[in-house]
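Q: I have a structure I would like to understand better, so I am pasting it below and will then ask my questions one at a time.
Just so it is clear, none of the values below were taken in a lab; they were calculated from the coordinates. The shown structure was predicted, so the numbers you read here are calculated from the model rather than taken from an experiment. Here Cβ is always computed from backbone atoms with ideal geometry, including for glycine, and neighbour counts include all displayed protein chains.
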Amino acid sequence: MKITKIETYTVSAGWKNWLFVKVCTDSEVYGISEATINGFIATTETAVHELSHFVVGQDPRQLNLIVDRILTTIADVGHIHRLVAGAIEVACWDILGKTLGVPIWQLLGGKYRDTVPAYANGWYRAERTPQSFLETAKKVVAQGFKAIKLDPFGTSKWFISHAELELSYEILRTLRQHFGPDLKILIDVHCRFAPSESVRVAERLRDLDLFWWEEPTTIERIELTNQIARKSPIPVATGEQFDKIGHFDTLAHAGHVSIYQPEPMSLGGITRTIAAANIAQANGAWVAPHQSGGPVATAVCLQLAAVIPNFLIQEHFDAFNDPWTHDLVTWRPVIDPETGHLPIPTAPGLGLDLNFDVVRAHPYDRSAFLDTSQVGWEKRLGTKGT
């Protein structure tokens, strides 16, 4: 079997563009994957085709060799380069699984679990008021989610005013008072605060029993996050912007962070994400992969959820995207209303395929990206809606 070509498909989901990749072979079997990154879809699509000469003519079942060719032949490897490698690797895993008639998790040694806890994200498309967040959250919890994530800080950057901090506190307090202690509330800081300010804000929120404090400061120096974790009353989570396995080793050596958030596609695919998970396990940490892309990237994370022993919880946007996006793929996970869990795919390969007619009906939109510096970004309408 040989790879004959790579096709790419861009899709506008309203507030973000998604990039899907199809690796074609000289047989009827092909593999799909996703290479979504906020604001850089056209750039990444170009990179896929520019690097395709490393892949065409190769046996997709030799996926380790293919990824190694992409990542080691050229010395200057960056984030988007690894994103392309990850997309191609996942598509090759999909081909291998389809060829052998088993899910990817079976190829990786079998599964630890049949379902995985999930937390809702992208749900708070609402006015930034306590009551508006509460009314929206009620609908999320009614679906069965036992955990929700939000960023309540508006457009505050580096430092936050007293009024803005008190509004953020009131949003979170309202959620905690209504839902009680059983609902996990996760906070995404989006790297917005200076280190000392991040600790100050976390201290203000101390009494709200928050599950984690994500990306609390700039990622220019990993050690800063570790320093915050040592002082923060809220457990710190980070790692979605890491594009090298070694970044997680640096995180581990500095200590105090026990929740690692690898982004599987940015890190270079499934094999490298498992390597990051192994570093976490060796240091008593847990893994909660980042996933703010489309439904194919969701399937990748669920394959990983099956095989990683120290898997904590999975980010889930799919339920809150526009309804038509549910038709993009032939299978999608649905939250169990009793447990708040998502199922692990069982079909061969990734466990799903793209509906290409739906894909083509929603082409790329250059205004479809998330800009947290724009007032009203919480509504997730893309830049044309702010």
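Q: I need the phi-derived Karplus couplings for region 322-337: 6.51 cos²θ - 1.76 cosθ + 1.60, θ = phi - 60°, integer Hz, Gly and Pro marked x.
A: 4, x, 4, 5, 5, 8, 5, 10, 7, 8, 9, x, 10, 5, 7, x
Q: Amide H of residue 4 versus every other amide H placed in the peptide plane: which residues, excluding those fewer than 5 positions away on the same chain, fall under 5 Å?
A: Counting only residues 5 or more places away or on other chains, the set is 24, 25, 26, 57.
Q: So for region 106-350, taking the charge dipole from beta-carbon charges (+1 Lys/Arg, -1 Asp/Glu), which of 281, 339, 106 sits furthest toward the positive end?
A: 281
Q: Another question, then. Name the residue from 44, 158, 298 whose Cα lies farthest towards the positive end of the charge dipole of the chain, charges +1 on Cβ of Lys and Arg and -1 on Cβ of Asp and Glu.
A: Working it through, the farthest residue towards the positive pole turns out to be 158.
Q: So what's the angle, to the nearest 10 degrees on a 0 to 90 scale, between helix 222-231 and the longest Cα principal axis of the chain?
A: Between helix and principal axis, roughly 40 degrees.
Q: Still on this model: So who's got an amide H within less than 5 Å of the one on residue 314, skipping anything under 5 residues away but keeping other chains? H placed 1.01 Å off N, in plane.
A: Residues meeting the criterion, in which the H sits 1.01 Å from N, are 118, 119.
Q: Right, another one. Please name whichever of 120, 208, 330 sits farthest to the positive end of the charge dipole of the chain, dipole taken about the Cα centre and charges placed at Cβ: Lys and Arg +1, Asp and Glu -1.
A: Farthest towards the positive end: 208.
Q: Along Cα→Cβ, 7 Å out, is where each label goes; now give me the distance between the ones at residue 347 and residue 379 in nm to one decimal.
A: Rounded to a tenth, the inter-label distance reads 3.6 nm.
Q: Per residue of the chain, what 222 nm ellipticity follows from adding -39500 (n - 2.57) for every DSSP H run with n ≥ 4, rounded to the nearest 500?
A: Values: 13 runs with 143 residues, N = 386.
Here the helix-only value at 222 nm equals -11000 deg cm²/dmol.
Q: Can you put 77, 296, 67 in order, fewest other beta carbons within 10 Å first? Each step should come with its number before you reach the end.
A: Working: 77 16, 296 27, 67 23.
By the 10 Å Cβ count, ascending, the order reads 77, 67, 296.
Q: Can you bin region 3-103 into rounded, prolate or oblate? Criterion: square roots of the alpha carbon gyration tensor eigenvalues sorted a ≥ b ≥ c, rounded for a/c under 1.5, prolate for a/b above b/c, oblate for the rest. Show your work: numbers first, answer last.
A: On the way: a/c = 1.94, a/b = 1.24, b/c = 1.57.
Oblate shape, in that a/c is at least 1.5 and b/c is the bigger or equal ratio.
Q: Could you state the angle between the C-alpha long axis of helix 162-179 and the longest principal axis of the C-alpha atoms of the chain, as a value from 0 to 90 degrees rounded to the nearest 10?
A: In the chain, helix 162-179 runs at an angle near 80 degrees to the longest axis.
Q: Roughly what % of DSSP beta bridges within region 106-350 run antiparallel, to the nearest 5? Walk me through the numbers on the way to the answer.
A: Values: 4 of 23 bridges.
DSSP beta bridges in region 106-350 are roughly 15 percent antiparallel.
Q: What shape does region 106-350 have by the C-alpha gyration tensor, where a ≥ b ≥ c are the square roots of the eigenvalues, rounded means a/c under 1.5, and otherwise prolate means a/b greater than b/c and oblate the rest? All intermediate terms of the calculation are to be shown ahead of the outcome.
A: Numbers: a/c = 1.90, a/b = 1.17, b/c = 1.63.
It comes out oblate by the Cα gyration axes.
Q: Return 100, 51 ranked ascending by Cβ neighbour count within 10 Å, so the fewest neighbours appear first.
A: Working: 100 13, 51 19.
Least crowded to most crowded, the residues run 100, 51.
Q: A further question on this structure: Using alpha carbons only, how many degrees (0 to 90, rounded to 10) separate the axis of helix 79-100 from the longest principal axis of the chain?
A: 60
Q: Sticking with this structure for a sec: Which of 104, 95, 74 moves most in a GNM of the chain, Cα contacts under 10 Å?
A: Sorting by GNM fluctuation, first place goes to 74.
Q: Please report the base-10 log of the normalised intensity I(q)/I(0) for region 316-386, using a Debye sum with one equal scatterer per alpha carbon and no solvent, at each q in 0.26, 0.29 (1/Å).
A: Treating every Cα as an identical point scatterer, log10 I(q)/I(0) equals -1.16, -1.26.
Q: Please order 179, 356 by the number of other Cβ within 10 Å, starting at the fewest. Intermediate values should be presented prior to the final figure.
A: On the way: 179 17, 356 14.
Listing 179, 356 from fewest to most nearby Cβ atoms yields 356, 179.
Q: I've got another one for you. Most fluctuating residue of 293, 255, 122 in a GNM of the chain with Cα springs under 10 Å: which is it?
A: Ranking 293, 255, 122 by mean-square fluctuation puts 255 first.
Q: Shifting gears a bit: Work out, step by step, the length gained on full extension between residue 221 and residue 208: first 0.36 nm times the residue separation, then minus their alpha carbon distance; give nm to one decimal.
A: Numbers: separation 13, 0.36 × 13 = 4.68 nm, distance 2.85 nm.
Here the segment from residue 221 to residue 208 would lengthen by 1.8 nm.
Q: Given the C-alpha centroids of region 191-210 and region 228-256, what is the distance between them in whole angstrom?
A: 16
Q: Please state the charge dipole magnitude for region 106-350, taken about the Cα centre, from unit charges on C-beta atoms (+1 on K and R, -1 on D and E), reported in debye and rounded to the nearest 20.
A: Values: 22 positive and 27 negative charges, 59 e Å.
In total the dipole reaches around 280 debye.
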